[in-house]
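Shown next, in structure tokens, is the structure this report addresses.
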Amino acid sequence: MRYIGPHAASGVSGHSGLSSGDLMIERSGDLKNRVALADMLALAAAGLLLLIFFVQHGMGQHFYAAVGTTIAFAVVGRLARGVDTSGALAGAAVAFILASRDLKLFWVLLAVFLVTLAATRLGRARKEGLRVAEAEIGRSASQVMSNLSIAAAVLVPTALPFAALLSLAALAEVAADTTSSELGTAYPGRTVLVTTWKSVPPGIDGGISVVGTISGAVAASIIAACAAILGLTSISGAVVIACAGALGMMADSVLGAAFERRGYLNNNTVNLLSTAAAVGIAWMVRSS
């Protein structure tokens, strides 16, 4: 989210007849409307995903357990301020699909939530100073779906090979990307643009640092290890998940540098594409 300060507004105030303060209020209102629309569309997408899932799978064997864990997940996420109300609803839809296919997948999703929540909370004062801190009310529906919809979508088809592994790769990428971004800006260190290796300020789209990259890879490995411990995959599968997550994280940085910085893509679209990249990488490795 770009910060709109008084200098940005004053450049056009002479033509509009509005003061800088009026322009800031007007632009803030436009931004809120766009965010609200994005959240509505994200919730509609979550509902459609649930509908297709029910058509494909029916209620399933774990229906009541899935409903219970879904409600608990949404409530805890909202109380912990990891998500806002719209984000809790979108997260509930994703959690239900994962829990319905396999309750163990839900526990991995919970691990992702805890890892990313901890990373978001660390170094908040520094991130606020850099104007890159997440909103205190938590992530919205559009943010949640851009990160988690791919992990749920690959579980919807009935005949997709190794769907659980693909979903886990997407979850590993989410953990890696969020952790690298949060810890990379929380702790001082040289940040470079991934496409040019020139120094840039922390928090810049496409910027990477040693701390951020290593912490992201560790986060992906934690998610892969959780999957292996729960019996969702083998050791070799866990390696694929961790590597796909880490490479998806790097794809996010490349997309951020090449497209997001220039305004061609927004952050949500980049997040969606990077989780898709992680799934694609896991697919290619597993199919070879």
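Of all residues in region 270-288, those satisfying the criterion of being open to solvent by less than 50 Å² (accessible area, probe 1.4 Å) and within 12 Å of the chain's Cα centre (by Cα) are Val270, Asn271, Ser274, Thr275, Ala276. Being modelled with pLDDT of 95 or more, open to solvent by less than 60 Å² (accessible area, probe 1.4 Å) and not in a helix (DSSP H, G or I) holds for only one residue in Leu255, Leu265, and it is Leu265. Can you confirm whether region 158-181 contains a residue that is among the charged types (D, E, K, R), outside any loop (DSSP other than H, G, I, E, B) and at pLDDT below 95? The answer is no; no qualifying residue exists. Does Ser274 fit the bill of being modelled with pLDDT under 95 and closer than 21 Å to Leu155 by Cα? For Ser274, the condition - modelled with pLDDT under 95 and closer than 21 Å to Leu155 by Cα - is not met.
Residues in region 197-218: is at least one in contact with a strand residue (DSSP E or B) (Cβ under 6 Å, 6 or more places away or on another chain), in a loop (DSSP other than H, G, I, E, B) and not basic (Lys, Arg)? Yes, some residue in region 197-218 is in contact with a strand residue (DSSP E or B) (Cβ under 6 Å, 6 or more places away or on another chain), in a loop (DSSP other than H, G, I, E, B) and not basic (Lys, Arg).
Just so you know, in region 223-236 the residues that are of a type in the set (A, V, I, L, M, F, W, C) and more than 15 Å from Ala170 (Cβ to Cβ) include one that is surrounded by the most Cβ atoms within 10 Å (Cβ to Cβ), and it is Ala228.
The values are calculated or read from the model by the stated rules, or taken from the named source; none is laboratory data. Computed from a prediction, not measured in an experiment: that's the story for all the values here. When we count neighbours, we look across all protein chains shown, and the Cβ atoms used for this are built from the backbone with ideal geometry, even at glycine. Just so you know, the surface numbers come from the protein's heavy atoms only, side chains and all, with ligands and any DNA or RNA stripped out. Shrake-Rupley method; radii C 1.70, N 1.55, O 1.52, S 1.80 Å.
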